[in-house]
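Enquirer: Quick one: the structure is below, and I'll ask about it shortly.
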Amino acid sequence: MGSALPLGEPAPADGLLPASAADGAAHRAFGVYLHVPFCRVRCGYCDFNTYTSAELRGARQTDYAGHAISEVRMSRRVLEASGLPPRPAQTVFFGGGTPTLLPASDLVAMLGAVRDEFGLAASAEVTTEANPDSVGPEDLVELAEGGLTRVSFGMQSAVPHVLAALDRTHDPERIPLVVGWARDAGLDVSLDLIYGTPGESLDDWRRSLEHAIAQQPDHLSAYALIVEEGTKLARQIRRGELATPSDDLEADMYELADDLLGRAGFEWYEVSNWATDDSHRSRHNLGYWRGDDWWGVGPGAHSHVGGVRWWNAKHPSAYADRVTAGVSPAVGREVLDAPTREIERVLLATRIREGIDIESLHTGGRHAVAGLIADELVDAKAALSGGLVLTRRGRLLADAVVRRLLDDSSVE
């Protein structure tokens, strides 16, 4: 049922934000994340806030859209009362869990609430995640007609034994079907892959990449598997039932992905994400990496507005009780101080292709750039133009780059 919520100060029952959250809001993009916390089965590696039917303890899937809509309506009142100017949503993202376990009509109704309360920007990006075995052609048509523009399928692998190790239930041969149905419905398509699964070889990973590329998606994500404490996978590894791959093998897998995707016409725009062109980048996720504002709807969902971050009650029952009572579902929050905001800015901005303005770094970070160039971690040509952009080697060692940029720096 996911990791514990972070520590922070209690959130007020009315959800109101401090006055500082409104500073500069008119110049920041605004997005909405709608968390749908339901899954048919729990994947052994998953640490997200998700629930199977046996774990709902009184909460009902059939009631969920209504509760989420109540929070959307509350969110507008909270933002207006906190002095935030009305802004149309540039992006909307249904994540989970498996959002498409809900009827398509529920997702369309939730999107309708966002449209009614905030409006949608012209050419807004509206995405849902989906498992390949959780949608049919009629569902995708209904989603597209209801205003969604994009679907992100959790493919993960094309190799049966890898899918089995991840506890994924779909048949790899279903991927061409769902991609075709999404195309017929007029939706853009992203495929999500995971590499570094116990027992996965480099040839297995090549097979998955080639299968994904053959579907001609607009966008592809490839994330290294992280073994989270408390998951089934972590217990299996601890007992010696499964072995995780070496760091060297994971590096080889990343380089293979970058090579094959580059040859197929994809460009990296974030360490773990590639798109066929700029118009097919995930604008919603770019909002996270650029520090924009977003409201997260649903159990355990996190939000960020103007340097204030907060999170909702974690269990669907507790969440439902709060929104039904007209109380903010937020249970904790933190107001980010200047040093923390600077750390997060550097951490996130260095991950994207545009990189970060070297002059915006503090003294220690600027002094680190020459060494990073010498170690072939950042692009020398970009640095001469004033930008810090990761090389492929730098992408593999992105965390180390960030540590060096932040060493001995101070927020003025």
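Values quoted throughout were computed directly from the atomic coordinates according to the rules given, and no laboratory measurement underlies them. Predicted model only: the values in this text are computed from it and were never measured. Cβ coordinates were reconstructed from backbone atoms using ideal geometry, including for glycine residues, and neighbour counts include every protein chain displayed.
Enquirer: What distance in nm lies between label points placed 7 Å from Cα along the C-beta direction at Ala81 and Ser123?
Expert: Distance between the two pseudo-spin positions: 3.7 nm.
Enquirer: Additional query: What percent does the relative contact order of the stretch 211-341 come to when contacts are Cα pairs within less than 8 Å and at least six residues apart?
Expert: Working: 124 pairs, mean separation 21.1, N = 131.
Relative CO of the stretch 211-341 lands at 16 percent.
Enquirer: At q = 0.17 Å⁻¹, what log₁₀ I(q)/I(0) does a Debye calculation on the Cα points of the stretch 57-153 give, no solvent, two decimals?
Expert: Relative scattering, expressed as log10 I(q)/I(0), comes to -0.77.
Enquirer: In the chain, what % of DSSP beta bridges are antiparallel (nearest 5)?
Expert: Details: 22 of 55 bridges.
Of all bridge pairs located within the chain, approximately 40 percent are antiparallel.
Enquirer: For Ala54 and Asp133, calculate 0.36 nm times their separation in residues minus their Cα-Cα distance, and state this gained length in nm to one decimal.
Expert: Numbers: separation 79, 0.36 × 79 = 28.44 nm, distance 2.02 nm.
Between Ala54 and Asp133, full extension yields an extra 26.4 nm.
Enquirer: In nm, what is the difference between 0.36 nm times the number of residues separating Thr363 and Asp23 and their Cα-Cα distance? All intermediate terms of the calculation are to be shown ahead of the outcome.
Expert: Numbers: separation 340, 0.36 × 340 = 122.40 nm, distance 2.63 nm.
That works out to 119.8 nm of additional length.
Enquirer: Next question, about the same structure. Given R₀ = 35 Å, what would the calculated FRET efficiency be for Ala400 paired with Arg239, taking r from the Cβ atoms and rounding to 0.05?
Expert: According to the calculation, E is roughly 0.65.
Enquirer: Under the rule of at least 5 residues apart or a separate chain, name every residue whose amide H is placed under 5 Å from the amide H of Ser152.
Expert: Counting only residues 5 or more places away or on other chains, the set is Thr128, Glu129, Ala130, Ser190.
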